[in-house]
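Structure below; questions to follow.
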Amino acid sequence: MVTAKPQPAPAASSSSYAAPPPRNRFGENLPKGILPRLPPVDPRPRPIRDFISTRLYKLVLATLYLVYSVYLKLRWTYHTALNRGFSILYYHHRTPQLIQQDVMEVKANGKLPKHLSVILEYEKGGLDTLIDEVAEITCWCASAGIKHLSVYEQTGVLKSYISTSHRSIAQRLHSYFGKSRPTLRVHSPPSGSFNDMSDEEGSGAHVDIEVVFISEEDGRESLVDLTKTLCDMAQRGKIMSEDVSIELIDAEVKENVIPEPELLILFSPNITLKGYPPWQIRLTEIFHVEDNEAVGYQVFLRALHSFGKTEFRFGR
């Protein structure tokens, strides 16, 4: 009896079946030619090694975190003690003569800034605190001999209280100087025009100190508006494209917003400009004190002395 031998199954043709691409241990498809270059993967589980390596990484991370935390605490303690010492040694007692003595060295070297700018925050203490800070800084500038002060507040809330700010600053100047207080002008540049609030003694006469309120809308938005205006004038044939230059833009920005301040003081622990007009601070010296979060006379005085030691070297 002859039995039929079982026939082997036909091999699948390469056209009908393709082997799946190699995958790594993470389950991701690997391009051809990559797998031979990869190091061999040990399939044996090593729980002890994984446990030790994980604990070692966590220990290194915790050590770095601890060291950095100790450094921040020591730095905060140092700067707090330094600011406290400066506030005790150089307290002005609302006396202009003492402030003049504190800045005498800077003024003797001819390094006292003519235009000072500060950045203040509205959210910290409300409107009353903000206006009070503006009044104090204005009195410090008037005592030191600084004629132009620009106050930047991001939201622009001060522009709506020019009259209130003027009255508060005038009263604070009277507490510093008495009846011989400096004449004052407070204004802001909305839409390229100035809103003047002058006191009775300084109306139409010489102004001893000028305070300007600026906000975020006077920064990049003003540059965009100026660009649109120049483009529109060029399309109408009022100006030629060759007439648009850096000098023209600089003159328009200075006239419609503020001129470039020589010194910018930040009463914050970090350098955060909060949308400050960028064109005006191309050559401005920026000063801040680390770990400081309050408006203080010691920061103002240290900024002036730091500015007095600065050397400006302009390229051609």
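Which of the residues that make up region 274-283 are open to solvent by less than 60 Å² (accessible area, probe 1.4 Å) and under 22 Å from Glu136 (Cβ atoms)? Lay out the reasoning, then the answer.
Step one: of region 274-283, the residues open to solvent by less than 60 Å² (accessible area, probe 1.4 Å) are 275-281.
Answer for region 274-283, where residues must be open to solvent by less than 60 Å² (accessible area, probe 1.4 Å) and under 22 Å from Glu136 (Cβ atoms): just Tyr276.
For Val299, which of the numbered conditions (1) more than 20 Å from Tyr122 (Cβ to Cβ); (2) β-branched (Val, Ile, Thr); (3) part of a helix (DSSP H, G or I) fails to hold?
Unmet for Val299, out of (1) more than 20 Å from Tyr122 (Cβ to Cβ); (2) β-branched (Val, Ile, Thr); (3) part of a helix (DSSP H, G or I): (1).
Let me ask something else. Would a scan of region 90-112 turn up a residue that is within 24 Å of Asn292 (Cβ to Cβ), among the polar types (S, T, N, Q) and at pLDDT 95 or above?
Within region 90-112, none of the residues are within 24 Å of Asn292 (Cβ to Cβ), among the polar types (S, T, N, Q) and at pLDDT 95 or above.
Among what's in region 105-135 and is among the aliphatic types (A, V, I, L, M) and under 26 Å from Leu283 (Cβ atoms), pick the residue that is farthest from the chain's Cα centre (by Cα). Spell out the reasoning first.
Pass one, region 105-135, residues among the aliphatic types (A, V, I, L, M): 106, 108, 112, 116, 118-120, 127, 130-131, 134-135.
Filter again for under 26 Å from Leu283 (Cβ atoms), leaving 106, 108, 112, 116, 118-120, 134.
Working: Val106: 26, Ala108: 31, Leu112: 23, Leu116: 16, Val118: 11, Ile119: 9, Leu120: 11, Val134: 19 Å.
This residue is Ala108.
Additional query: List every residue pair whose Cβ atoms sit under 8 Å apart, with the two residues 6 or more apart in sequence or on different chains, where the first one lies in region 79-97 and is touching a residue at least 60 places away in the same chain (Cβ under 8 Å) and hydrophobic (A, V, I, L, M, F, W, C) and the second, anywhere, is part of a helix (DSSP H, G or I) and open to solvent by 40 Å² or more (accessible area, probe 1.4 Å).
Going by the 8 Å Cβ cut-off, the qualifying pairs are Phe86/Arg302.
Moving on to the next point. Could you list, in sequence order, the residues of region 165-190 that are of a type in the set (S, T, N, Q) and surrounded by 15 or more Cβ atoms within 10 Å (Cβ to Cβ)?
Taking region 165-190 as the starting set, the residues that turn out to be of a type in the set (S, T, N, Q) are 165, 168, 171, 175, 180, 183, 188.
Ser165, Ser168, Thr183, Ser188, listed by residue number.
If I ask for residues that are crowded, with 21+ Cβ neighbours inside 10 Å and either within 22 Å of the chain's Cα centre (by Cα) or assigned to a helix (DSSP H, G or I) (or both), which ones from region 136-150 would you list? Walk me through how you get there before you give the answer.
Applying the first criterion (crowded, with 21+ Cβ neighbours inside 10 Å) to region 136-150 yields 137-144, 146, 149-150.
The answer is Ile137, Thr138, Cys139, Trp140, Cys141, Ala142, Ser143, Ala144, Leu149, Ser150.
The values are calculated or read from the model by the stated rules, or taken from the named source; none is laboratory data. Here the structure is a predicted model, which is why all the values come from computation and not from measurement. FYI the Cβ positions are ideal-geometry reconstructions off the backbone, even for glycines, and counts take in every protein chain you see. Heavy atoms of the whole protein, side chains included, go into the accessibility calculation; ligands, DNA and RNA do not. Shrake-Rupley method; radii C 1.70, N 1.55, O 1.52, S 1.80 Å.
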